[in-house]
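The structure appears right after this line, and notes come after that.
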Amino acid sequence: MNLPNFLTILRIILAPLVFVALYFGGIWTAVGTAIFAIGALTDWMDGFLARRNKQVTGFGQFTDPVADKLLSGFALAAVSMAGFVPILPVIGIILRDVLITTFRLWGMSKDVKILPSRLAKAKTGIELLTLFVIMFYASFGGEPEGFWFGGVSIWIVFALAWITLADYFWKNRNILI
């Protein structure tokens with residue numbers, strides 16, 4: 001157990017707390033937004049620390065993207081439930097995440113590590129930033145009606161999600177056979 005892996009585990013623990021806080025609304029929306037921001041920061045910090053301190057582990061390489069997907073998945077479900085983003089792209093993004101995780105497990109069964117590409121990391125960054133902006137807006141009493149940013153940005157994340165899925169499959173097509 002090292003600090004980067006601890007931060008990844010912390011993100012996994014924080015993920016459902018984001019959903020619960022946003023579900024209760026009111027002041028809890030601000031709490032959920034703060035928890036989400038902490039979780040998003042751990043995403044950056046664990047990777048930075050692991051590379052800087054040469055503490056990259058197989059556990060971290062697999063678990064870090066899963067932790068990202070849990071944090072964003074719980075947040076996506078919450079902002080969609082609250083009406084800030086449409087449900088269809090949320091389902092598509094979560095489906096893509098399940099497919100990627102399944103593909104990674106398939107790769108592991110064939111002794112192949114499928115690591116996130118730069119494009120996939122950029123998608124995650126854009127997704128986390130988008131979710132933070134939506135939750136921050138909601139924290140200050142913003143209403144879903146007329147909030148075009150949520151709808152437009154989530155469709156952009158959806159498009160990036162499926163582009164990166166195709167990229168994962170294409171770059172690792174040798175293990176599909």
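Things to note:
- On inspection, PHE169 does not qualify as aromatic (Phe, Trp, Tyr), surrounded by 14 or more Cβ atoms within 10 Å (Cβ to Cβ) and more than 17 Å from VAL98 (Cα to Cα).
- Qualifying positions in segment 45-69 - loosely packed, with under 14 Cβ neighbours inside 10 Å, under 16 Å from LEU7 (Cβ atoms) and not basic (Lys, Arg): PHE48, ASN53
- The number of residues in segment 64-79 that are over 15 Å from LEU95 (Cα atoms) and either at pLDDT 90 or above or in contact with a strand residue (DSSP E or B) (Cβ under 7 Å, 6 or more places away or on another chain) (or both) comes to 3.
- Residues being in a loop (DSSP other than H, G, I, E, B), without any contact (Cβ under 8 Å) to a residue 24 or more places away in the chain and under 22 Å from TYR137 (Cα atoms) are entirely absent from segment 35-58.
Residue-by-condition table, conditions (1) of a type outside the set (Phe, Trp, Tyr); (2) over 22 Å from SER117 (Cβ atoms); (3) out of contact with any Asp or Glu (no Cβ under 6 Å at 6 or more places or on another chain):
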position: ALA30; (1), (2), (3): yes, yes, yes
position: THR42; (1), (2), (3): yes, no, yes
position: MET45; (1), (2), (3): yes, no, yes
position: THR63; (1), (2), (3): yes, no, yes
position: ALA67; (1), (2), (3): yes, no, yes
position: LEU71; (1), (2), (3): yes, no, yes
position: PHE74; (1), (2), (3): no, yes, yes
position: ALA77; (1), (2), (3): yes, yes, yes
position: GLY83; (1), (2), (3): yes, yes, yes
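- Residue match in segment 46-58 (condition: under 14 Å from the mean Cα position of the chain (by Cα) and under 16 Å from THR124 (Cβ atoms)): no
- Being within 17 Å of GLY73 (Cα to Cα), more than 17 Å from the chain's Cα centre (by Cα) and part of a helix (DSSP H, G or I) is a description that applies to ALA21.
- Hits in segment 130-152 (condition: assigned to a helix (DSSP H, G or I), touching a residue at least 24 places away in the same chain (Cβ under 8 Å) and either under 16 Å from ARG96 (Cβ atoms) or among the hydrophobic types (A, V, I, L, M, F, W, C) (or both)): THR130, LEU131, PHE132, ILE134, MET135, PHE136, ALA138
- Selection from segment 70-115 of residues that are surrounded by fewer than 17 Cβ atoms within 10 Å (Cβ to Cβ), outside any helix (DSSP H, G or I) and touching a residue at least 40 places away in the same chain (Cβ under 8 Å): GLY83, PRO86, LYS110, VAL112, LYS113, LEU115
The values are calculated or read from the model by the stated rules, or taken from the named source; none is laboratory data. Since we're looking at a predicted model, the values are computed, not measured. Counting neighbours? That spans all protein chains shown, and the Cβs are built from the backbone with ideal geometry, glycine included.
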